[in-house]
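Below: the structure, in structure tokens.
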Amino acid sequence: MSASLRIDALTKTFEGASTPAVDAISFDVAPGECLAVLGPSGSGKSTVLRSIAGLDVPDSGRILVDGADVAGVAPERRGMAMVFQRPLLFPHLSVLDNVAFAATVAGQPRREARADAEQFLALVQLEGFGARPVTALSGGQEQRVALARALAARPRVLLLDEPFSALDPELRLDMHDLLARIRAQLNPTVVMVTHDRDEAATVADKVALLQGGHLLQHDAVERLYTRPRSLAVARLMGGRV
Ligand code: ADP
Ligand code: MG
């Protein structure tokens, strides 16, 4: 269920901006790997993720999924699913119908889609929550539903944009465990945006560290601490410099 991802010289300048939001960024993600895109606010993390998803159109550079360029491929046909900081659930639908929505729209028989949705709700530990209105959920539960909905699309690449940063610290730890369980069971390739270096170190195999639209270092998590390539990297990783 996982794909390789290659980002090659990705560049994007928003209209009216004097400098690129993302400047010639390149990195690879192996099938089943979890990469954290880490950096301060405004460093270009979301723009990288949205470009991968097809929600932003880069000015230049390529995005390859299993070696195939996805330029011009609509977001819903890229084999990807995205979870945002705010869950964006349909308030008028039940928990189960939120999870089953994409599959039903894609033409899967409703009964089947709902049976699948039950499985994904169980995976995110919301068994028995299907009939509830989403408006009755806590923030952590909403984000679990958003994850179940993303997984129900059977993505080969799971894109997460600060998915846990609105949650309190204890809930965030539960979500890290959940992400580990999802990876163990479904093995999607994961790209997760975060501005929290501890979170990156906990959940990711590798980190792409961004600042001001530039990729400072792409490396195994521990190497960013032990072998920072520049003073800027050492500073961002909280080293004594
Ligand atoms: P991050 O996710 O790391 O906080 P973003 O990718 O959202 O950073 O933003 C990178 C830069 O691009 C910022 O300077 C931001 O203001 C700018 N930017 C992001 N989205 C837009 C947009 N839709 N229009 C104009 N500027 C944008
Ligand atoms: Mg962002």
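Data table
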read-out: Lone qualifier among Ser41, Ser46 - being within 16 Å of ligand 2 (Cβ to nearest atom) and exposed (fewer than 14 other Cβ atoms within 10 Å of the Cβ); value: Ser41
read-out: Every pair of residues 6+ apart whose Cβ atoms lie under 7 Å, when the first sits in segment 181-194 and is under 21 Å from Gln211 (Cα atoms) while the second is part of a helix (DSSP H, G or I) and among the small types (Gly, Ala, Ser); value: Val193/Ser46; Thr194/Ala200
read-out: Residue under evaluation Ile25, criteria (1) more than 10 Å from ligand 1 (Cβ to nearest atom); (2) surrounded by fewer than 22 Cβ atoms within 10 Å (Cβ to Cβ), criterion not met; value: (2)
read-out: Contacts under 7 angstrom Cβ, first residue in segment 6-18 being in contact (Cβ under 8 Å) with a residue 60 or more places away in the chain, partner assigned to a strand (DSSP E or B) and surrounded by 12 or more Cβ atoms within 10 Å (Cβ to Cβ), 6 or more apart; value: Arg6/Asp28; Arg6/Leu64
read-out: Any hit, segment 135-144, residues being closer than 25 Å to Val29 by Cβ, under 17 Å from the mean Cα position of the chain (by Cα) and not aliphatic (A, V, I, L, M); value: yes
read-out: Filter result (of a type in the set (Gly, Ala, Ser), farther than 11 Å from His214 by Cα and within 21 Å of the chain's Cα centre (by Cα)) within segment 7-38; value: Ala30, Gly32, Ala36
read-out: Residues of segment 190-202 that turn out to be more than 16 Å from ligand 1 (Cβ to nearest atom) and buried (at least 22 other Cβ atoms within 10 Å of the Cβ), as a count; value: 1
read-out: Qualifying residue in segment 170-184 (condition: at pLDDT 95 or above and either among the hydroxyl-bearing types (Ser, Thr, Tyr) or within 16 Å of ligand 2 (Cβ to nearest atom) (or both)); value: no
read-out: Unmet criterion (only one of (1) over 27 Å from Arg78 (Cβ atoms); (2) assigned to a helix (DSSP H, G or I); (3) aliphatic (A, V, I, L, M)) for Ala117; value: (1)
read-out: Ser51 vs. criteria polar (S, T, N, Q) and either within 13 Å of the chain's Cα centre (by Cα) or within 16 Å of ligand 2 (Cβ to nearest atom) (or both); value: yes
read-out: Pairs, first farther than 14 Å from Phe27 by Cβ in segment 38-52, second within 10 Å of ligand 2 (Cβ to nearest atom) and not in a helix (DSSP H, G or I), C-beta under 7 Å, six or more apart; value: Pro40/His195; Ser41/His195; Ser46/Asp161; Ser46/Val193
read-out: Criterion (of a type in the set (Lys, Arg) and over 25 Å from Thr194 (Cα atoms)) met by exactly one of Arg86, Arg62, Arg110; value: Arg110
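The values are calculated or read from the model by the stated rules, or taken from the named source; none is laboratory data. Everything numeric here is computed off the predicted structure, so don't read it as measured data. With ideal geometry, Cβ positions are generated from the backbone for all residues, glycine too; neighbour counts draw on all protein chains shown.
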